[in-house]
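Encoded as structure tokens, the structure appears first; notes follow it.
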Amino acid sequence: MAFALHLIRQRLKLEVKQLKFILMKKLVFAVAFVMGLGTTVAFAENNAPVEVSVVSTVNDFTPIEVKDLPQAVQDVLAEKYKDFTVKEAAVQVNEDETSTYQVTLTDADGNETVVMFNEQGEVIE
């Protein structure tokens with residue numbers, strides 16, 4: 001009988017050790033899971049959406065008479081665009097106080113072409 005009790009105690013000790021081992025594994029897993037979840041939340045806070053403003057400039061061309069175009073632009077029109085008719089002209093004053101001229105030309109077939117000039121009569125592409 002003593003031997004049977006001894007075997008039962010040994011068996012209980014073994015089962016207790018196995019239960020402790022299983023509990024420790026579960027505890028380690030739970031701690032690792034919570035830490036992982038915590039770091040995910042911490043990093044998620046740093047990745048909050050950033051508000052971005054988009055600024056776009058709109059070309060503000062003001063219509064002008066063809067006679068109000070700079071002489072250099074009128075000379076280029078007369079020389080290189082003599083087969084076209086000037087339909088309309090407009091000017092835009094840039095931030096650096098220079099002017100850009102937009103001239104709409106019409107050919108004999110009625111096709112329109114827009115040409116941009118600087119103040120010196122050079123074509124801007």
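The values are calculated or read from the model by the stated rules, or taken from the named source; none is laboratory data. All figures in this text were calculated on a predicted structure; none of them were measured in a lab. Don't worry about glycine lacking a Cβ; one is built from the backbone with ideal geometry, like all the others, and counts go over all protein chains shown.
Quick notes on this structure:
- Residues that are in contact (Cβ under 8 Å) with a residue 24 or more places away in the chain and touching a strand residue (DSSP E or B) at 6+ places or on another chain (Cβ under 8 Å) within region 78-94 comprise TYR81, PHE84, LYS87, GLU88, ALA89, ALA90, VAL91, GLN92, listed in sequence order.
- The C-beta contact set for region 100-120 (first residue free of Cβ contacts under 8 Å to residues at least 24 places away in the same chain, second residue loosely packed, with under 14 Cβ neighbours inside 10 Å and among the acidic types (Asp, Glu), distance under 6 angstrom, 6+ apart or interchain) comprises THR104/GLU112; THR106/GLU112.
- Among the residues of region 81-89, some residue qualifies, meaning at least one is closer than 16 Å to ILE124 by Cβ and at pLDDT below 95.
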